[in-house]
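Taken together, the values in this text are just the output of simple stated rules run on the coordinates, not laboratory data. These numbers were taken from a predicted model, which means no experiment stands behind them. Backbone-built Cβ (ideal geometry, glycine too); neighbour counts: all protein chains shown.
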Amino acid sequence: MRIKPLVQAKIRVPLNVVFFFGSSEYVASGPVYIWLIEAEEKIVVDAGVAEEAIYPVEGGGEKGVIRALEQEKVRPEEVEKLIITHLHFDHCANAHLFHNARIYVQKREWEFAMNPLPALRDLYVQKYLEKIESMDFCLVKGDLEIANGLKLVTLPGHTPGLQGIVVKTKSGEYLMASDHFYSYMNVFPPRQDILIENEHGKAVIPAQKSPFFPIGLYVSLEDWFESCYKATNLAKKSRIIPGHDPSLEGRTFD
Ligand SMILES: [Zn+2]
């Protein structure tokens, strides 16, 4: 199997979403990926963001999905399995395009998305969920192998029912971590302060002592750390693929 991150959109979010105690004033820009897994059948992970969302989006929508898959000569209707890692607005907005696919979501995630904590309501869009529910959709309870060499694994913390995917390739196993880790910096915390700068301003990402650098958006930091150790049981740190790291664009994991 082979994993290909495909850029579906760019999104701008405050740094305190990306990193624990990050600046709320600095706005970071990052890619929204959908992921093609080339196996005996066509498998896609996540369905991207809409053209309009709670944070500013560039690209996105159905067009963004179609264009991203077109680079790999795949049409959404050819996809046989769609895995949704979690139900945040930027991971499931275009699931309806995959109308011939079986859709995999964790049951715990689905239940939370139907009734989110009040402060997190804006991250879930009920009309996306209604569309998904009318499709060939299945709720998964816990870890499950859904194809030869492809296993869904729960990584709660960012959301209650986030699932990563362990994918066997010819070089060994990778863990697709989705938003459990937004970037490689969450996996490999900086040991020195890092100054970042873009057209919106400057910020410092402070040196971390922790073995993992928490993301800024989570439902349980305790579960999040627990899931970090589960992640490192499943794959070497260097074989963990974060969900929104800009450096993934154009890469292939095989
Ligand atoms: Zn998320």
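Key figures for this structure:
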{"item": "Dipole magnitude (debye, nearest 20) for the range 99-143, charges at Cβ of Lys, Arg, Asp, Glu", "result": "20"}
{"item": "Spacing of the two label points (7 Å from each Cα toward its C-beta) at Asn100 and Ile146, in nm", "result": "1.8"}
{"item": "Counting DSSP beta bridges with both ends in the chain, the antiparallel % (nearest 5)", "result": "75"}
{"item": "FRET efficiency, 1/(1 + (r/R0)^6) with R0 22 Å, evaluated for Arg121 and Glu25 via beta carbons", "result": "0.40"}
{"item": "Three semi-axes of the equivalent ellipsoid, the chain, Cα gyration tensor, whole Å, largest first", "result": "26, 20, 19"}
{"item": "Computed label-point distance, nm, for sites Ser247 and Asn233 using a 7 Å Cα→Cβ extension", "result": "2.8"}
{"item": "Degrees between helix 221-234 axis and first principal axis of the chain (Cα, 0 to 90, nearest 10)", "result": "60"}
{"item": "Potential extension, Val204-Met114 segment - 0.36 nm per residue separation minus Cα distance", "result": "28.7 nm"}
{"item": "Student exercise, the range 2-248 dipole from Lys, Arg, Asp, Glu Cβ charges, in Debye to nearest 20", "result": "640"}
{"item": "Loop-located GluC sites (Glu not before Pro) in the range 190-254 whose Cβ has at most 16 other Cβ within 10 Å (DSSP)", "result": "Glu199, Glu249"}
{"item": "Longest DSSP-loop-exposure-free segment, trypsin sites (Lys or Arg not before Pro), the chain, at most 14 other Cβ within 10 Å", "result": "1-72"}
